[in-house]
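First up is the structure itself, then whatever we jot down about it.
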Amino acid sequence: MKKTKVLLICVTIIILIPLSSCDKNPAASQAMAEPSAGFQGGDNYQPLDKGLYGNYYEIFVGSYYDSDGDGMGDLNGIVQKLDYLNDGQPESNTSLHIDGIWLMPIMPSPSYHKYDVTDYYGIDPAYGSMADFENLVRECGKRGIRLIIDLVMNHSSSEHPWFVKAREEISSGADWRYANYYNIGHGQAGDRTHSLEMDDYYYEGVFVDSMPDLNYDNEEVRREFENIAKFWLDKGVSGFRLDAVKWLYPDQQKSVDCLKWFVDYCKSIKPDIYMVGEVWSEDAEIMKFYESGIPSLFNFTFSDENGYPAKAADSGTGAYYANRLQRWDTIMAGRFPDAIDAVFLSNHDQDRSAHYLSEDPQKEKMAAALYLLEPGNPFIYYGEEIGMTGRGRDENKRGPMIWSLSQPGGLTDGPPARDSGYGASRSIEQQLADPDSLLRFYIRAIRLRNQFPGLWRGRVEEISQPDDALAVFKSVDGENILIVAHNVSTEEKTVILEKGKKSLGGFLTAAGGEVILKGNKLTLPGRSSALVVLG
Ligand code: CA
């Protein structure tokens, strides 16, 4: 969550739904017609052990896949779509090869988005039962998919029993126990404080009055969240996406120290835990929170329409992108060499990337190639892989996943307050069947990424180019050295590489054509990317 004023962009977009459905790949559409998970990996399936690295996928459960026809996406729906996410076949053209799923909040909550929790030990009935969750954990485990869940530590719901009891304590004049779970005192209403409407008492709620901030000076609150973390780790989750950790305290250092306490506790329970934190801020503040020892933080600097990958894909500023990537990576390498950058184009709080990439499949492919060939862990926001649209109010950014334009099965209703007109021009069914689709490009890009572990771990050394449209850098992982080269322009470009033995590891083209490596000369057609293996 970000404490920010929501910009309501009043734009009505009329989307024409293409009626033609040229079926170039019958096998793909056949796979789509059978929605149940048919994982063929079997009991002996051994997924590649990537450590804490992997390709992650963010899901807003309520909008993903509805398994029982009530219009609400649910946990069983995700189980039914696991083949789409990872079918266990490394060469598959119809599976995204995802290694990790981030579920947006699944705990009981009065809101559609569920970032205000009323029970940290439950599953919201709209999404299913605890048994359904345990089944999802098992099914993900079979495929080597790590499941991380959103944990909202900064605040609870104002309807959480803790806050309800806090009110009761104050109104009855009883001793404070739960009132001390929150930051309550005499004062006045302000940006961060809201009236309890009792005896001049106010409470802190950084985001909104229905989300009172928890008081981490209270050791009882810390014990509560240790118990909550242990509960979910015992259920088999691989870790957490930690919401709004920047706001744990008004003071930055205290927030970092508080996060460190939680990270240390979780690692003591599960040493191989993966956690990624949300510090929606500028470079220096994001970097500061790595002092907590958290494995990953979202790289907001490289996300959104002002992020360097999107700018490069949209405006041809490839060299600048490579320069910024090296700068960011050098700071990380110097201060937090074990940290894993969490890179993404956009998330559930941001306009969907299709908008700022002009809904142009070539730009969308180029942006995807840029961030999917970076070090760290990429996070794909559901629907990005088919160019789903949605911007303005948050509900618009969290719309129903478009599985098919002809078959309604699994389609969710989406958030009720959504504006009409978003999301429906392209479907997964259509794009799985089209080898030139954005989705098939994502699949190829992730397959390419998976072949080069050195790329995930590599340190970035920019190879500066005379041409602004070229983004070229070395990815150095010990003895493993790759050159990543992107041409973000629409024209063919040539890169002269250093002398020495080398081979073409693979390439991606957003607009067709072929990448050619001859001697030291790398020829890149317009909007293409190459991996060159040195040595
Ligand atoms: Ca449902």
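Tabulated results
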{"quantity": "Selection from 225, 236, 215 lying farthest towards where the dipole of segment 193-243 points positive, charges on Cβ", "calculated": "236"}
{"quantity": "Positive-pole candidate from 94, 320, 356, dipole of the chain, charges at beta carbon", "calculated": "320"}
{"quantity": "Segment 327-484, dipole about Cα centre (Lys/Arg Cβ +1, Asp/Glu Cβ -1), debye to the nearest 20", "calculated": "200"}
{"quantity": "Burial ranking of peptide ranges 429-439, 261-271, 283-293 (average Cβ count within 10 Å, highest at the top)", "calculated": "429-439, 283-293, 261-271"}
{"quantity": "Segment 161-204, dipole about Cα centre (Lys/Arg Cβ +1, Asp/Glu Cβ -1), debye to the nearest 20", "calculated": "160"}
{"quantity": "Charge tally in the Cβ shell below 14 Å around residue 327, where Lys, Arg are +1 and Asp, Glu are -1, residue 327 excluded", "calculated": "-4"}
{"quantity": "Relative contact order of segment 161-204, defined on C-alpha pairs under 8 angstrom at six or more residues apart (%)", "calculated": "31"}
{"quantity": "Most to least packed among 398-409, 240-251 [average Cβ atoms within 10 Å]", "calculated": "240-251, 398-409"}
{"quantity": "Accessible surface, per residue, of segment 246-380 when the full set of protein chains is kept, probe 1.4 Å, Å²", "calculated": "30"}
{"quantity": "Size descriptor, Kirkwood hydrodynamic radius, that averages inverse alpha-carbon separations across segment 197-304, Å", "calculated": "15.0"}
{"quantity": "Set of aspartates and glutamates with alpha-carbon distance to residue 270 below 19 Å, sequence-local pairs under 8 removed", "calculated": "49, 99, 134, 150, 224, 226, 234, 338"}
{"quantity": "Residue (of 182, 289, 345) at the positive-pole extreme of the chain, dipole from beta-carbon charges", "calculated": "345"}
{"quantity": "Carbon and sulfur %, accessible surface of segment 443-535 computed with the full protein complex present, 1.4 Å", "calculated": "47"}
{"quantity": "Percentage of interatomic Cα-Cα distances in segment 161-204 larger than 12 Å", "calculated": "53"}
{"quantity": "Members of 81/142; 235/397; 254/397; 114/235; 81/235; 267/288 lying beyond 24 Å, as alpha-carbon distances in this model show", "calculated": "235/397; 254/397"}
{"quantity": "Neighbourhood charge, 11 Å Cβ-Cβ cut-off, centred on residue 447 and excluding it, Lys, Arg +1 and Asp, Glu -1", "calculated": "+2"}
{"quantity": "Kirkwood Rh, Cα atoms: Rg over Rh of segment 371-433", "calculated": "1.02"}
{"quantity": "Alpha-carbon Rg with Dmax, taken over the chain, Å", "calculated": "23.5, 82"}
{"quantity": "Ranked packing of 340-353, 410-423, 200-213, most packed first, by mean Cβ within 10 Å", "calculated": "340-353, 200-213, 410-423"}
{"quantity": "Net charge of Cβ neighbours under 12 Å - reference residue 167; Lys, Arg +1; Asp, Glu -1", "calculated": "-4"}
{"quantity": "Cβ charges +1 (Lys, Arg) and -1 (Asp, Glu), total dipole of the chain, debye", "calculated": "1900"}
{"quantity": "Projected area, mean over directions - segment 52-116, Cα convex hull, nm²", "calculated": "5.3"}
{"quantity": "Kyte-Doolittle at least -1.0, axis length at least 20 Å by Cα - qualifying DSSP helices, the chain", "calculated": "252-269, 318-335"}
{"quantity": "Under Karplus coefficients 6.51, -1.76 and 1.60, residue-wise ³J(HN,Hα) of segment 47-61 in Hz, glycine/proline x", "calculated": "x, 4, 7, 9, x, 8, 7, x, 9, 9, 9, 8, 10, 8, 4"}
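The values are calculated or read from the model by the stated rules, or taken from the named source; none is laboratory data. Predicted, not measured: the structure shown is a model, and the values here were computed from it. When we count neighbours, we look across all protein chains shown, and the Cβ atoms used for this are built from the backbone with ideal geometry, even at glycine. Areas reflect the complete protein model, heavy atoms only, side chains present, ligands, DNA and RNA absent. Shrake-Rupley method; radii C 1.70, N 1.55, O 1.52, S 1.80 Å.
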